[in-house]
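Scroll down for the structure; my scribbles are underneath it.
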Amino acid sequence: MKRGVCIAAVVLLLVLVVENTLGATLSRKPPQQTFKETFIARCHLAIKDQYKGSDCETIWSTFEQAYVGRDPRKIPKDAYNPLFQVAPITTPRDKTMFWSKTERVVHAYNDKTKCFVTMEDTLLGSVLNNLSWCGKEGSSETFTSGCPDWNACKDNKYNPVRSFWTQGSAKFAEAACGDATVMLDGSIATPFNTSSFFAMYEVPNLNSAKVRKLTVVLVTATTPVSECANESLDELRRKLDSNIIYECKEVSETRISECASNDVSCTNCW
């Protein structure tokens, strides 16, 4: 074989090796974060933003003790009490915002204005929002698949995700002080649903010794279905601590969006 042919063959071989290696590298998906890695990363981000001094490793180890190695259909809300002791929920005065059927509107507004604090803005809420987890008997691992559907409350209300948000909602309401606000959906016939988290776990835990007033912001569409005189809102007034002032305001979704876009003062949107 001539020298030039040899060189060409070597070059071709090197090209093929590089292409195969590069192709394998490009086609290989980056490793996904484990549940713990996601938890810790979100925790550090929350601490950096506002919860300085918290220990994410301690929070994680306390968190997993609530469900690891246990039947995922038998995790009571009280199992998370130690977690809320190491990472207690606190909210600034007059900043507590509840919601029911208005999650998109609330967070679109609050992400821009930072006027309020929702449960999802708290340390634990921000870490666990939109995550799913469970344990299994005889295992020391955290699983993210094969877990009970946390929304299937009729069949299983003691799964680890639902129990966390149940207890978290109660603790969030207990932490409220000053004037609190709730956004309810005025585009449905029953803005205050007695089976909602707000009705079952937050309203009963609003303490008149700390909370002066609850303002209902009834978010209305172009053609509102419900008004402040809605019968379900009368039910809310009856369930609310009688020493807490109740107020209801009908506010269009367009107005809320304008407030967020135009940097309107938090106190002037409604």
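The values are calculated or read from the model by the stated rules, or taken from the named source; none is laboratory data. Please read all numbers here as calculations on a predicted model, not as lab measurements. Cβ placement follows ideal geometry from the backbone for every residue including glycine, while neighbour counts extend to all protein chains displayed. Heads up: the accessible areas ignore ligands, DNA and RNA and are worked out on the full protein's heavy atoms, side chains in. Shrake-Rupley method; radii C 1.70, N 1.55, O 1.52, S 1.80 Å.
Among the residues of region 97-142, count how many are open to solvent by 40 Å² or more (accessible area, probe 1.4 Å) and closer than 17 Å to V219 by Cβ.
Qualifying residue count for the region: 7.
Taking region 36-92 as the search range and keeping residues that are of a type in the set (D, E) and not in a helix (DSSP H, G or I), which one is most open to solvent (accessible area, probe 1.4 Å)?
D55
Select from region 220-268 the residues that are more than 25 Å from the chain's Cα centre (by Cα), acidic (D, E) and exposed (fewer than 15 other Cβ atoms within 10 Å of the Cβ) and list them in ascending order.
Those that are more than 25 Å from the chain's Cα centre (by Cα), acidic (D, E) and exposed (fewer than 15 other Cβ atoms within 10 Å of the Cβ): E227, E231, D234, E247.
So which residues in region 95-123 are within 24 Å of L83 (Cβ to Cβ) and basic (K, R)?
K95
Would you be able to say whether some residue in region 197-208 is in contact (Cβ under 8 Å) with a residue 40 or more places away in the chain and of a type in the set (S, T, N, Q)?
There is no residue in region 197-208 that is in contact (Cβ under 8 Å) with a residue 40 or more places away in the chain and of a type in the set (S, T, N, Q).
If T194 satisfies all but one of (1) part of a loop (DSSP other than H, G, I, E, B); (2) of a type in the set (V, I, T); (3) open to solvent by less than 10 Å² (accessible area, probe 1.4 Å), what's the number of the condition it fails?
Looking at each condition in turn, T194 falls short on (3).
Could you list, ordered by first residue, the pairs with Cβ atoms under 9 Å in which the first is in region 220-242 and in contact (Cβ under 8 Å) with a residue 60 or more places away in the chain and the second is part of a helix (DSSP H, G or I) and aromatic (F, W, Y), at least 6 apart or interchain?
none
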